[in-house]
Every structure is written in structure tokens, then in C-alpha cells.
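Written out below as C-alpha cells is the structure these notes cover.
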Amino acid sequence: MGPVKLECGACGRVEPFEPGATVCGACGKPLLARYETDALDGGELRRAWAERRGTGMWRFRELLPLRADEAPVTLGEGDTPLIRTRELGPELDLDLRVKDETRNPTGSFKDRGLSAAVTRAALDGQPGFVVPSAGNAAAALAAFAARAGLPARVYLPADTPEGVRRRCRHYGAEVEEVDGLITDCGREAAAYARETGAFSVSTLHEPYRLEGKKTMMLEIVEALGWRAPDAIVYPTGGGTGLIGSWKVLGELVAAGVLEEAPTRMYAVQSDGCAPMVRAWQEGLEEAPEWEAASTVAYGLRVPRALGDFLILRAIRETGGGAIAVSDEAMRTAADELGSREGIDAAIEGGATLAAARALREAGELEAGETVVLFNTGSQLAY
Ligand SMILES: Cc1ncc(COP(=O)(O)O)c(C=O)c1O
């Protein structure tokens with residue numbers, strides 16, 4: 001069990017599955033964990049995973065970075081519900097579901113990625129952690145580092161809501177405020193890592209947050225009776241959950257868990273910070289930095305992403321797309337998820353509903369299709 005190797009998502013260079021993996025040693029792009037999917041039996045996997053249901057995301061350990069004799073750093077993350085909408089689906093003439101990630105230990109989907117990254121790094125003997133974050137990843141790192149008994153430092157933009165800082169300190173993390181955006185936080189976090197030897201779990205700067213995040217899609221196809229949805233709508237910053245969804249569908253088909261996975265992937269961003277949408281519209285393979293990024297959706301205020309080329313490849317190869325919505329539309333839609341469906345949604349979750357509505361109006365989503373919105377975090381975080 002565990003990956004057999006790591007492969008660069010850009011140049012294809014292969015590296016061994018060994019302690020301390022970060023990015024590709026040749027080109028600096030993200031490394032992707034590769035498993036021996038041919039040796040797995042799809043039917044057996046489905047049975048084993050069903051028997052372990054209710055124990056969280058590590059029940060999918062055959063496709064996670066964990067060797068047979070190792071134990072994860074876990075707080076029970078994962079196994080979140082896929083909620084069928086009561087009013088919004090019929091209104092849009094869709095089988096519209098919400099993957100409700102607010103139920104995770106610190107209230108967001110970031111817990112999955114940080115559980116996986118902290119697990120691997122702690123097992124590999126790293127002394128402590130650092131991360132640049134819009135807020136949710138910082139809280140998640142703080143919690144899982146505490147669980148591992150290791151120190152963590154987080155770098156947040158200075159305008160991050162006070163509640164986020166309080167939550168990080170509650171879990172014992174050191175909080176640093178940076179006058180700037182997440183990209184500026186990234187530079188400071190990287191310098192701190194270089195100076196102190198702390199391990200950086202910045203998005204896609206190590207291979208395993210992606211592995212944790214991909215379990216969202218695993219749970220979705222399982223909840224649909226081992227069927228892939230027609231489309232997903234993902235609020236995209238660094239894009240880890242979208243890339244992870246695309247990656248794991250490939251793995252499930254290769255392992256014989258699914259026969260096919262024709263899911264179209266849609267990335268939604270704010271019109272105040274939409275580098276992926278612009279790159280997609282212009283037919284580019286990478287996304288140039290978005291100048292003067294501004295949006296109240298802190299998780300989507302990511303002007304440049306290391307995995308840009310993977311996000312663009314995922315939406316193109318699956319026949320999906322990228323769409324920008326206004327902050328006002330996101331906010332209204334988040335409140336609709338709350339008031340019409342009883343679902344706690346942060347503004348990023350609202351973005352997915354606003355986008356689904358626009359995609360439906362444009363005829364991108366067809367009547368009757370099964371469409372999953374990623375409700376990535378709780379509005380209580382703000
Ligand atoms: C609530 C929320 N949604 C979406 C995102 C974007 O996630 P990703 O970086 O995987 O694209 C974030 C990231 O901070 C977030 O906190």
C-alpha cells in the first residue's frame with residue numbers, strides 16, 4: 001500500500017516515494033502520487049471501503065499515502081454528507097447535490113488535505129510546519145499539527161477576520177500577519193521554512209494535500225452508488241480539490257472501481273480575481289498572475305496558482321469550463337443555501353450555486369443532470 005512513486009505533473013520526471021518530497025527536482029512543478037492501480041481489485045476495494053464507512057477519509061487508505069503498518073494523524077475528517085437539494089434542484093431542473101464539507105473537524109475541506117500532509121510529514125520525521133493561508137488551511141494545519149504534537153506557524157493576510165486568527169491560536173499555532181495577499185504570505189512562509197527547517201505545506205508544494213482532498217470525490221461517487229456525477233462545480237483558488245477530483249476519477253477507472261467517469265469539471269472564481277477563467281477563455285495552458293486581486297471570498301483570492309496548468313487541463317479534458325461570478329451573487333447564493341436548504345455555506349460555497357445557475361442558463365448544464373456543488377467551508381469561519 002501507499003504510492004509506488006511520485007511523478008511530476010508537468011515534465012513527467014519520476015521520483016521515489018521517499019521522505020521529504022516537495023516539488024519536482026527538475027522543473028519545480030507539483031509532484032503527483034502514483035499507485036499500483038493495476039494490482040487493485042475494484043470490487044474488493046468497494047467492499048472494504050463500505051465496511052469501514054463512518055471512520056473518515058482514511059478508510060480509502062489503499063489510495064492514500066500511507067504504508068500498511070503506519071497510522072494516520074486524524075481527527076475523523078471526511079465521511080461528510082452529499083445532500084440532495086429540496087428546492088434548488090427542482091427549480092433548476094437538475095439533480096442538484098451539495099457535498100457538505102462544513103462537517104469536518106475545523107469546519108472546512110482543508111482538514112482532508114492537512115490530515116494527509118501532516119500524517120506523511122510527521123511519519124517522515126519533519127520537526128514542524130509552516131503554511132501561507134487565506135484562513136481555513138491555517139486553522140486545519142494548526143489542528144492537525146497539534147494532533148501530531150508538532151509546532152506550526154501560519155502566515156495570514158493582515159485583513160483576515162480576527163476569528164480565524166483566534167482559531168489558529170486556540171490550536172497552539174504561531175500566527176504571523178502579512179501586509180499583502182496569499183502570494184506575499186507564500187514568500188514569507190518559504191523564507192521561514194528555509195531558515196528554520198520547518199516543513200512547508202503550502203498548496204501543491206508537497207504532494208499529499210492533494211491526496212487528502214481527492215477523497216471528497218471518492219465519497220461522492222460512492223454516495224451516488226459508484227456512479228460519477230455529470231458535473232461538479234468547484235470554488236477555485238489553488239485548485240487542489242478540483243485537480244484531486246480529476247486525479248482520483250482516473251485512479252478509480254484504472255483500478256476497476258468505476259467503468260467510466262465522464263464528469264465535467266467547472267471552476268468558479270470571483271470576477272475580482274479570476275486568473276483561471278481568463279486563461280481558459282484565452283486558450284492558455286498556464287494562468288498569468290491576476291493584478292490587484294480583490295474579493296470578499298478569501299479562499300478565492302489567489303492571484304497565481306502553482307497548479308494552474310493542472311486545473312486548466314482538468315477542465316479542458318473533461319469538457320467542463322471556468323466561470324466568474326460577482327461577490328454579490330456569491331453572497332446572495334450562500335444565503336440561499338442557508339435559508340432555502342438549511343445548509344451552512346460560506347461565500348465560496350455560495351459561488352458554486354451562483355455558477356450552477358449561470359451554467360444552467362447558458363445550457364452548459366442540461367436538464368436532469370446530476371450536478372455536485374462543493375460547499376467547502378462554514379460561514380462561521382468568518
Ligand atoms: C472555503 C474555501 N473554499 C475554497 C477554497 C479554494 O480551495 P482550493 O485552493 O483547493 O482551490 C478555499 C481556500 O482557501 C477555502 O477556504
Could you calculate the contour length gain from ALA362 to ASP93, that is, 0.36 nm times the residue separation minus the distance between their Cα atoms, to one decimal place in nm? 95.5 nm
Using alpha-carbon positions, the gyration tensor of region 110-200 gives root eigenvalues a ≥ b ≥ c; with a/c under 1.5 called rounded, otherwise prolate if a/b exceeds b/c, else oblate, the class is oblate
List every residue whose amide H lies under 5 Å from the amide H of LEU365, counting only residues 5 or more places away in sequence or on a different chain, with H placed 1.01 Å from N in the peptide plane. ARG360
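For region 289-338, what does the alpha-carbon gyration tensor say about shape, rounded, prolate or oblate, given a ≥ b ≥ c as the root eigenvalues, a/c under 1.5 as rounded, and a/b over b/c as prolate?
Because a/c hits 1.5 or more and a/b fails to exceed b/c, region 289-338 counts as oblate.
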Across the chain, qualifying lysine pairs (alpha carbons under 19 Å, at least 8 places apart or different chains) come out at 16
Most packed first (mean Cβ within 10 Å per residue), the peptides 144-156, 31-43 order as 144-156, 31-43
Magnitude of the Cβ-charge dipole of region 5-52, K/R +1 and D/E -1, about the Cα centre, nearest 20 debye? 200 debye
Taking the Cα centre of each part, how many Å lie between region 293-327 and region 1-78? 25 Å
With a 1.4 Å probe and every protein chain kept in, tell me what percent of the accessible surface of the chain is carbon plus sulfur. 45 percent
Accessible area of ASP271 in the full protein assembly, 1.4 Å probe (Å², nearest 10): 90 Å²
Given the DSSP H assignment, sum -39500 (n - 2.57) over each helix run of at least 4 residues in the chain and divide by its residue total; what's the result at 222 nm in deg cm²/dmol, nearest 500? -11500 deg cm²/dmol
Determine the per residue accessible area of the chain with all protein chains present and a 1.4 angstrom probe, expressed in square angstrom. 37 Å²
Residues with amide H under 5 Å from that of GLY180, placed H, sequence gap 5 or more: ALA158, ASP159
Rounded, prolate or oblate: which fits region 230-348, taking a ≥ b ≥ c as square roots of the Cα gyration tensor eigenvalues, rounded meaning a/c under 1.5, else prolate when a/b beats b/c? oblate
Could you give P(r) for region 5-52, binned at 10 Å from zero, as whole percent values over all Cα-Cα pairs? 26, 34, 24, 16, 0
Restricting to Cα atoms and excluding each atom paired with itself, what does the Kirkwood estimate give for the chain in Å? 20.4 Å
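Quick check on packing: order 168-175, 109-116 by the mean number of other C-beta atoms within 10 Å, highest mean leading.
Going from most to least packed, we get 109-116, 168-175.
Give me the number: length gained by fully extending ALA48 to SER326, i.e. 0.36 nm times residue separation minus the C-alpha to C-alpha distance, one decimal in nm.
95.8 nm
The values are calculated or read from the model by the stated rules, or taken from the named source; none is laboratory data. This is a predicted model, so every value here is computed, not measured. With ideal geometry, Cβ positions are generated from the backbone for all residues, glycine too; neighbour counts draw on all protein chains shown. Accessible surface areas use protein heavy atoms only, side chains included; no ligands, DNA or RNA. Shrake-Rupley method; radii C 1.70, N 1.55, O 1.52, S 1.80 Å.
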